[in-house]
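Below is one structure, written out as structure tokens; the observations come after it.
The values are calculated or read from the model by the stated rules, or taken from the named source; none is laboratory data. Predicted, not measured: the structure shown is a model, and the values here were computed from it. Cβ sites come from the backbone with ideal geometry, for glycine too, and all protein chains shown count toward neighbours.
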Amino acid sequence: MAEKIIIDTDPGQDDALAILLALASPELEVLGITAAAGNVPLALTSKNIRKICELAGRPDMAVHAGCSQPMSGALVTAEYVHGETGMDGAELPEPTMPLQALHGVDFIIETLRREPAGTVTLCTLGPLTNLGKALTRAPEIAGRIRRIVLMGGGLFEGGNITPAAEFNIYVDPQAATLVFGCGAPIVMMPLDVTHKVLTTRARIAAIRALGSQVGHVAAGWLEYFERFDEAKYGTDGGPLHDPNVIAYLLKPELYGGRHCNVEIETESELTKGMTVADWWGVSGRPKNAFFVRDVDADGFFSLLTERLSRLGRNDAAEQPKLRLV
Ligand code: BDR
Ligand code: CA
């Protein structure tokens, strides 16, 4: 039976690839997608999700707008990485599918209450505000979550928005504290693993060579997205973060890591948003997360490219309204 998932996301080109990967995969049943504020403000992320769903030929998907601000402090965005739209690199038409009336936080709570306990996985690809709010309002849902698989944090690699902090955790460390403390099983995809998943020229060429609209758009997004990190790290290609969350659900054998304690720094000016991961087990604190550190990057890109090839095979017939701008 397909694994039921909710995707909470702030697209973001890498979020977009993660959503496409999920929608292309029959092993997963996407119950709905909730928009987080992060890479760009909520109005844009909730629009971008609908553009992605329409690109994937899924205008029926339930998309819910979540919180526009972190649980504390002001929203920090990352247009300098993702562009003004959040998805610069390929332009898609304005979406025509609706946003659902139900708030994203209520959708998370209601879905977890409705579905049998232990059957719904939360996939978070942005700041953890929506899940943090849901856990605050309805703490009992923690016991009903099958698992949380999240992109966020870093230990050996350090941070990407500050020397110590990764963007998704830095934007809302209070929400991250609630999530890491909620007691549900957590799998964490930190920078330590995503920095091993590089969008090399050859890998992007393989996606473009699919010859479909999806392949063309995905390659355009990736080429835009990698320019910032290529300049920063001096690598052929930039890290592709968020699709690892979905790939882990599909092929966990591509990944390696260990269970350890992870706590979030919320106070220090210097290290706010740092994921203090006890990799060596020196603290004696309870192990609350599976910290992923290793990946078969070629295996990951084979999976991603093959799954993208399944989308829009019959573009002309299935998506008559979709036109590239
Ligand atoms: C994370 O921050 C965003 O820029 C990406 O979408 C990813 O979720 C990486 O730090
Ligand atoms: Ca993201």
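Structural remarks
- Unique residue being over 23 Å from Gly132 (Cα atoms) and among the small types (Gly, Ala, Ser) when the list is Ala164, Ala175, Ala209: Ala209
- Across the range 48-69, the number of residues qualifying as surrounded by fewer than 22 Cβ atoms within 10 Å (Cβ to Cβ) and closer than 17 Å to His103 by Cα comes to 4.
- Single residue of the range 101-120 satisfying the filter (touching a Leu at 6+ places or on another chain (Cβ under 7 Å) and surrounded by fewer than 24 Cβ atoms within 10 Å (Cβ to Cβ)) that is farthest from Thr34 (Cα to Cα): Val120
- Test: residue in the range 260-275 that is outside any strand (DSSP E or B) and more than 30 Å from Ala74 (Cβ to Cβ): no
- Scope the range 207-241; condition within 14 Å of Val81 (Cα to Cα), of a type in the set (Asp, Glu) and away from ligand 2 (no atom under 16 Å from the Cβ); matching residues: Glu223, Glu230
- Close pairs from the range 73-87: first of a type in the set (Ser, Thr, Tyr), partner modelled with pLDDT under 95, Cβ under 9 Å, at least 6 apart: Tyr80/Phe228; Thr85/Glu91
- Considering the range 135-175, the residues that are of a type in the set (Ser, Thr, Tyr) and outside any loop (DSSP other than H, G, I, E, B) include one that is farthest from Glu3 (Cα to Cα), namely Tyr170.
- The set of residues from the range 1-42 being of a type in the set (S, T, N, Q), more than 9 Å from ligand 2 (Cβ to nearest atom) and assigned to a loop (DSSP other than H, G, I, E, B) comprises just one member, Ser25.
Table: residues versus (1) exposed (fewer than 15 other Cβ atoms within 10 Å of the Cβ); (2) of a type in the set (Ser, Thr, Tyr); (3) part of a loop (DSSP other than H, G, I, E, B).
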site: Lys196; (1), (2), (3): no, no, yes
site: Gly211; (1), (2), (3): yes, no, yes
site: Gly237; (1), (2), (3): no, no, yes
site: Ala247; (1), (2), (3): no, no, no
site: Gly256; (1), (2), (3): yes, no, no
site: Gly284; (1), (2), (3): yes, no, yes
site: Phe290; (1), (2), (3): no, no, no
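- Reported count of residues in the range 58-76, each being at pLDDT below 95 and in contact with a Leu (Cβ under 7 Å, 6 or more places away or on another chain), is 0.
- The set of residues in the range 160-177 being surrounded by fewer than 21 Cβ atoms within 10 Å (Cβ to Cβ), more than 15 Å from ligand 2 (Cβ to nearest atom) and closer than 8 Å to Gly273 by Cβ consists of Thr162, Ala164.
- Residue match in the range 57-65 (condition: among the basic types (Lys, Arg) and either closer than 24 Å to Ala117 by Cα or assigned to a strand (DSSP E or B) (or both)): no
- With respect to the stated conditions, Leu55 fails to be more than 23 Å from Val105 (Cβ to Cβ), within 16 Å of ligand 1 (Cβ to nearest atom) and modelled with pLDDT of 95 or more.
- When each of Arg208, Arg227 is tested for being modelled with pLDDT under 95 and basic (Lys, Arg), the lone residue that passes is Arg227.
- Test: residue in the range 266-273 that is within 19 Å of the chain's Cα centre (by Cα), within 16 Å of ligand 2 (Cβ to nearest atom) and over 14 Å from Val193 (Cα atoms): yes
- No other residue among Leu210, Leu191 is more than 28 Å from Pro93 (Cα to Cα), touching a residue at least 12 places away in the same chain (Cβ under 8 Å) and either hydrophobic (A, V, I, L, M, F, W, C) or within 15 Å of ligand 1 (Cβ to nearest atom) (or both) apart from Leu191.
- Checked against (1) surrounded by fewer than 23 Cβ atoms within 10 Å (Cβ to Cβ); (2) within 16 Å of ligand 1 (Cβ to nearest atom), Leu31 passes all but condition (2).
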